[in-house]
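Asks: Sharing a structure, written as structure tokens. Questions coming.
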Amino acid sequence: MQGISLPSRSSDETLILLKAGNLVNLPENYLMKFWMYHIMTWPQLSFVAENDKGHIVGYVLAKMYDEEESEEKGGDIHGHVNSISVLRSYRRLGLAKRLMMLSQDAMYSVYKAKYVSLHVRKSNLAAIGLYRDTLGFEVAEVEKKYYGDGEDAYVMKLVLKNQS
Amino acid sequence: MSVALDRQIRPIYDALDTGSHKSAITECNKVLKKHPKNALVKALKALALVRYQKVEEALVLCDEVLESKPTDDSTLNAMMHVLRGLGRHKDMITMYDAAYKKQPTNEELGAQTFFANVRANNWKSAQQIASKMYKQFQEDRYLYWSVMSNVLQANDTNTPPEMRTLLYKLALRLITSAPTPSSVHSDRFYLHLTILRELSEYDEAMTLLETPTGRNICEINLACNEMRRDIMRLRGALEEEGKRAEQRILERSDRNWLEFLSVVDGTFASLTDSEDAKEQSASKISNTLALFTKISVQDGRKDRSGLLGLLELEHRARKHGVSTDPARLLRLIEQYFETFGDKACCFEDLKPYLSLDGEDLATWTKVLETCFSALSSIEAVRRAINAHKLLRYNLSASELSVDAESSRATLYISQYLEGLPLGKALPATELQHVDDLAILAGSAFVNIWKVSGDEKYLYKAAAILEFALAKSKQAFQMRLMLIRIYRLLGAPSVALEHYRLLRVKQVQNDTLSHFVLSRCSTFSLAASGDLTFTSECLESSQIYVSNSQETNDYVIRAFSAEKYSQIPQFILFEDWLENSLQRDITKLEYLRMRITHETISSDIVDLELIELKFIFDRLHHDNRDFQILLNYQPKIVEDFNTQTLLFDKPEGHGWVWSFLKSYIKVFSHASDLSDVVEEKLLVGDRPQVSPKTGSLKDRLAQRKDEEIAELTRDELSLISYIDSLAEWLEPFHDYVRPPASVVLADVAKNTELKTGLPLRGVDIPPPQNGHGKKEEETPPITDVPEVVAGFFENMKTRFEDSKHAGSLSEILHIATITQEAFLLFTTETMRFKPASVVKIHKLGNLVTKFKPIRALAVGVLKDMAASLERLSAQEGTSEKRKEIVDACVFESSEIDHDIITNTFKKVIESRKKVLEGMAKGLLKICTTYDY
């Protein structure tokens, strides 16, 4: 990777599905249609980081909840980060932070989101550290047994303001 | 619809929804008793039948409903699913067309008709329908649908090049005729820019981009911004773009590497050979130098862009011959290593700039060699790993002797063990910090194996990787290396176990399955009843089914949502998967295994033949991912992927063509399905045929050098053998094969027996001669071609030779190829088996020539089976086990002996099992076909 060619979400979002085959260690097991649905519905919110060979080394996949859907969650239109991951050899470079910032910016500027939310495993201290200390998220609630294996999730939230 | 009827129909839908196809059929029959003409119920029954795999019966109903020309939503919708299930996209178009014509003001019907054409990639008609809808309903989006259809037609590979510009021009005329400008909607804007770019109308594109709305869109829409960058580049406005990028870097602290590249591109944009230009560029280079230096100082260790930018700048300056400071490159490399040497990506970052030689290289090597300190921190470990990788990358041939590599491996292992305790507290989901040192050791051992040919080193590589993997369970890179090593060692079940632990999912089934499915018939025990690999093939091929069902839906949805920037990508994605090279490699491997397991019959031959001919018309796309294998081998030797390919031969398009041609030849000989018959009986649409020259027969006859080059020596023998065998027997097949009319009459009779209804849509002229003797003479009986006569003896010799010298996987390869030759011989001569056929056609003299070939083949295969059994027995001995384990004793006692012993127990078991099973399978095949 040469530096970070971050927002290369550009010209081939879908072919990323093929290229993302590289990411064997990614924990997510989403169906193709799930990816396609997100990319199509909220194209501005999802980003990948590529290296100079065009290999994907990280991504963020996000969506919006509009006011109606948000009813039970407080009524505000808000963004939600479904999934974020960076290949291990490209960690500690601030990639995850930048992917998150890009997505948050778009949530705010394109969709006028009031806040962004995400779920994180209670045990994932590294991720919680990133969200809380670097990005300013706060734990809003705990969802018991959110994950398939019975682990609890923290719901973390960040109020969005004009950041750029 | 009456309420009562509605109530009766609901259970049908429920049954369909829950997948109870059989009860759906029963419910349909109930309703049809009272309402025998109801089109909706008929359509639903057809759908249930399709899903219940009763295609023949479904076809009858389907055609009835189509004839009634339905217009109501529910029936059309049900029929859409039926026709999709049958692959009859063209009929879907006809159906919607007719319905839309009857109700031209029905907007929904119009849209459905448009979508039906989209599904069939029928862009021309899609465009016409969209224009018609635009006129009728005056909605902008329909205009854009027609523009998009034009663009897609232009991009279609079947569209002649001279038409392309014309279609784009038409698209431009349409888009500029829209009442509202394209910039009201970013995706419409994107489409507009695409067309302008294609027509090289860069100035007009710039005018659009320079408008306030245009600028706004580029700010928030990365697809449009990328397009803008592209157009700037095409205009040759590199300097202008470089300036803009510089602004972004400075004012908005943008650290997108693409911006840095734009600055570098701008710096060298106007460089020509003239002296003036060189002088000018010197000042530009120093400006950029100042800019990047400033950024690198400002960012420090926070961001790599500034320093990497300096490296790229110097690299390009050297390439253009305008570098002013011969020491700068080395200085920058050193500085980079100093600053970012403890980042995991440092090696990959520096790799493009490492072309040092002479004194520079010596200095650099010294820097790296002296940087090792005690591995007491994670940073020190990462720095050491980077230094090892960087040193290894530049090793020269003289530094790669077995001894030198062995002591290097020992060093990697000792440092691995030294640093291992640093990761003691890591959770099981995390990777160990020292993993790469084990990978380096494994790479060194593999390299020694490649040089010395001594399998002992493959075992050593496997041992250290297994040890490290036990400490770092998520280290999939090690698994991939191990899969390659175990296949080389002839231990397929251990390789497969690792592959399954990767939990390959979705599209990875296409990109990564080559790791275990490439030439997997070599290891298949299907002949003796073990279907592990055949089912692995079927499972990994599921992705292609879901692709053809789902991706298409997304193209439709993208039209509805006006996401024009995504439509071409969805289509390309679908196409890449649909025509995936790996898909058909898997298919061929599956077929090669299938004929060892199932009794070869005309049913298998007919069905496979039709599919193979479909595949033969595909333009394949290679999606296989080989880059995923890490490569830390020195740059002067082959990379790890190449080093560990089974039989040293990567298979690709040429391999697929070679085997396709062979199987199509043999199967079309053995089959009664002539093109005429096939055409009449085919249910779905034919795939779009790429424009190819020549008839099928001509294409089959060609063997190109680049195809042959992808075959192993034994595969090549097989292919030559098949070619001569097929050429020899072709005249007799053509002579004996019953005429199309007889075959069709046969099929019709069978269909009627099965469904109780006559076969529709096929006119059968009464057979003229029946099965009787032909008018013309029996073709002259010729001698067995030499290639055929000598094949099995040759394979016997090959087998004996490799038994003494070769690897286990090569022994298996020779045995399976010989087996395949025998099975294809059986297929090719199947037609001449019945005594009545021989008698009527006077082929007695031909058939007597088969007997010695078959006897020879059976003899050779039985001998091979006996040898394999003996080898299998040897694998099991305790001496053999001790020999291997002893080979893998490492100097360090910290490497757990149990892991090594257990691993090799599994490897030996696997080798034993595959040898034993293969022997059994060979004998079984001999018994089945020795008549």
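Asks: Would you confirm, using the coordinates I've provided, whether residue B:512 is surrounded by 22 or more Cβ atoms within 10 Å (Cβ to Cβ) and of a type in the set (A, V, I, L, M)? First the steps, then the outcome.
Replies: Numbers: surrounded by 22 or more Cβ atoms within 10 Å (Cβ to Cβ): yes; of a type in the set (A, V, I, L, M): yes.
The answer is yes for residue B:512.
This table checks each residue for (1) more than 12 Å from chain A (Cβ to nearest Cβ); (2) part of a helix (DSSP H, G or I); (3) surrounded by fewer than 18 Cβ atoms within 10 Å (Cβ to Cβ).
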{"residue": "B:266", "(1), (2), (3)": "yes, yes, no"}
{"residue": "B:270", "(1), (2), (3)": "yes, no, yes"}
{"residue": "B:282", "(1), (2), (3)": "yes, yes, yes"}
{"residue": "B:294", "(1), (2), (3)": "yes, yes, yes"}
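Asks: For the stretch A:60-115, name all the residues that are among the acidic types (Asp, Glu) and at pLDDT 80 or above.
Replies: Of all residues in the stretch A:60-115, those among the acidic types (Asp, Glu) come to A:66-69, A:71-72, A:76, A:105.
Those that are among the acidic types (Asp, Glu) and at pLDDT 80 or above: A:76, A:105.
Asks: Here's a follow-up. Against the condition assigned to a helix (DSSP H, G or I) and modelled with pLDDT of 90 or more, how does residue B:828 come out, does it pass?
Replies: Values: assigned to a helix (DSSP H, G or I): yes; modelled with pLDDT of 90 or more: yes.
Yes.
Asks: With the requirement that a residue be assigned to a loop (DSSP other than H, G, I, E, B), free of Cβ contacts under 8 Å to residues at least 12 places away in the same chain, open to solvent by 50 Å² or more (accessible area, probe 1.4 Å) and away from every other protein chain (no Cβ under 14 Å), what does the stretch B:301-326 give you? Break it down into steps so the answer makes sense when it comes.
Replies: Here is the first cut: in the stretch B:301-326, the ones assigned to a loop (DSSP other than H, G, I, E, B) are B:301-304, B:320-326.
If we keep only those that are free of Cβ contacts under 8 Å to residues at least 12 places away in the same chain too, we end up with B:302, B:321, B:323, B:325-326.
Narrowing further to those that are open to solvent by 50 Å² or more (accessible area, probe 1.4 Å): B:302, B:321, B:326.
Passing the criteria: B:321, B:326.
Asks: Then there is this: Looking for something within 36 Å of the chain's Cα centre (by Cα), touching a residue at least 40 places away in the same chain (Cβ under 8 Å), surrounded by 15 or more Cβ atoms within 10 Å (Cβ to Cβ) and assigned to a helix (DSSP H, G or I) - is there at least one such residue anywhere in the stretch B:89-106?
Replies: yes
Asks: Just checking, which of B:506, B:474 is open to solvent by 10 Å² or more (accessible area, probe 1.4 Å), closer than 24 Å to residue B:896 by Cβ, within 13 Å of chain A (Cβ to nearest Cβ) and of a type in the set (S, T, N, Q)? Write out each step before concluding.
Replies: Details: B:506 fails: closer than 24 Å to residue B:896 by Cβ.
From the options B:506, B:474, the qualifying one is B:474.
Asks: I'm trying to understand the selection: among the residues of the stretch B:145-168, which are farther than 23 Å from residue B:113 by Cα and buried (at least 16 other Cβ atoms within 10 Å of the Cβ)? Before the answer, list the steps.
Replies: Residues of the stretch B:145-168 farther than 23 Å from residue B:113 by Cα: B:157, B:160-166, B:168.
The answer is B:164, B:168.
Asks: Inside the stretch A:113-164, counting only strands (runs of 3 or more DSSP E) that do not spill past its ends, which hold 2 or more residues that are under 20 Å from residue A:63 (Cα atoms) and among the hydroxyl-bearing types (Ser, Thr, Tyr)?
Replies: Working: elements: A:115-121, A:138-143, A:153-159.
Per the criteria, A:115-121.
Asks: A further question follows. Take the residues of the stretch A:114-128 that are of a type outside the set (Ser, Thr, Tyr) and open to solvent by less than 50 Å² (accessible area, probe 1.4 Å): which is nearest to the other protein chains (Cβ to nearest Cβ)? Give the derivation first.
Replies: Taking the stretch A:114-128 and keeping what is of a type outside the set (Ser, Thr, Tyr), we get A:114, A:116, A:118-122, A:124-128.
So of that shortlist, the ones also open to solvent by less than 50 Å² (accessible area, probe 1.4 Å) come out as A:116, A:118-120, A:127-128.
Numbers: A:116: 17, A:118: 19, A:119: 17, A:120: 14, A:127: 12, A:128: 14 Å.
Of everything passing the filter in the stretch A:114-128, A:127 is nearest to the other protein chains (Cβ to nearest Cβ).
Asks: I would also like to ask the following. Hey, can you tell me all the residues within the stretch B:485-503 that are free of Cβ contacts under 8 Å to residues at least 24 places away in the same chain and either at the interface with chain A (Cβ under 8 Å from one of its Cβ atoms) or at positive phi (or both)?
Replies: B:503
Asks: Criterion first (more than 30 Å from residue B:406 (Cβ to Cβ) and open to solvent by less than 10 Å² (accessible area, probe 1.4 Å)) does residue B:923 satisfy it? Spell out the reasoning first.
Replies: Details: more than 30 Å from residue B:406 (Cβ to Cβ): yes; open to solvent by less than 10 Å² (accessible area, probe 1.4 Å): no.
Considered against the rule, which asks whether it is more than 30 Å from residue B:406 (Cβ to Cβ) and open to solvent by less than 10 Å² (accessible area, probe 1.4 Å), residue B:923 comes out as no.
Asks: Sticking with this structure for a sec: When the stretch B:239-258 is examined, which residues are found to be within 14 Å of chain A (Cβ to nearest Cβ) and part of a helix (DSSP H, G or I)? Can you show your working first?
Replies: At the first step, the residues of the stretch B:239-258 found to be within 14 Å of chain A (Cβ to nearest Cβ) are B:245, B:248-249, B:251-258.
Those that are within 14 Å of chain A (Cβ to nearest Cβ) and part of a helix (DSSP H, G or I): B:245, B:248, B:249, B:251, B:257, B:258.
Asks: Got a sec? Which of B:175, B:220, B:231 is crowded, with 20+ Cβ neighbours inside 10 Å, among the hydrophobic types (A, V, I, L, M, F, W, C) and within 28 Å of residue B:305 (Cβ to Cβ)?
Replies: Numbers: B:175 fails: within 28 Å of residue B:305 (Cβ to Cβ); B:220 fails: crowded, with 20+ Cβ neighbours inside 10 Å.
Going through B:175, B:220, B:231 in turn, the sole match is B:231.
Asks: Okay, moving on. Report, ordered by the first and then the second residue, all pairs with beta carbons closer than 6 Å, sequence separation of six or more or different chains, a first member in the stretch B:654-666 that is of a type in the set (Phe, Trp, Tyr), and a second member that is in a helix (DSSP H, G or I).
Replies: Short answer, once both residue conditions are applied: B:657/B:707; B:659/B:588; B:663/B:612.
Asks: Sort through A:131, A:111 and tell me the only one that's of a type in the set (Phe, Trp, Tyr) and surrounded by 22 or more Cβ atoms within 10 Å (Cβ to Cβ).
Replies: Working: A:111 fails: surrounded by 22 or more Cβ atoms within 10 Å (Cβ to Cβ).
Only one candidate qualifies: A:131.
Asks: Can you confirm whether the stretch B:536-543 contains a residue that is open to solvent by 40 Å² or more (accessible area, probe 1.4 Å), within 14 Å of chain A (Cβ to nearest Cβ) and modelled with pLDDT under 90?
Replies: Of the stretch B:536-543, the ones open to solvent by 40 Å² or more (accessible area, probe 1.4 Å) are B:538-539, B:542.
Checking which are within 14 Å of chain A (Cβ to nearest Cβ) leaves us with B:542.
Adding the requirement that they be modelled with pLDDT under 90 leaves B:542.
Looking for residues that are open to solvent by 40 Å² or more (accessible area, probe 1.4 Å), within 14 Å of chain A (Cβ to nearest Cβ) and modelled with pLDDT under 90, one finds at least one in the stretch B:536-543, hence yes.
Asks: Looking at B:443, B:398, B:407, B:414, which is the one that is modelled with pLDDT of 90 or more and either closer than 26 Å to residue B:495 by Cα or not in a helix (DSSP H, G or I) (or both)? Lay out the reasoning, then the answer.
Replies: Details: B:398 fails: either closer than 26 Å to residue B:495 by Cα or not in a helix (DSSP H, G or I) (or both); B:407 fails: either closer than 26 Å to residue B:495 by Cα or not in a helix (DSSP H, G or I) (or both); B:414 fails: either closer than 26 Å to residue B:495 by Cα or not in a helix (DSSP H, G or I) (or both).
Just a single option satisfies the conditions, and that option is B:443.
The values are calculated or read from the model by the stated rules, or taken from the named source; none is laboratory data. Keep in mind that what you see is a predicted model, and the values were worked out from it rather than measured. Cβ: placed from backbone, ideal geometry, glycine included. Neighbour counts: every protein chain shown. The protein model used for the area step is the full one, side chains on, heavy atoms only, and it has no ligands, DNA or RNA in it. Shrake-Rupley method; radii C 1.70, N 1.55, O 1.52, S 1.80 Å.
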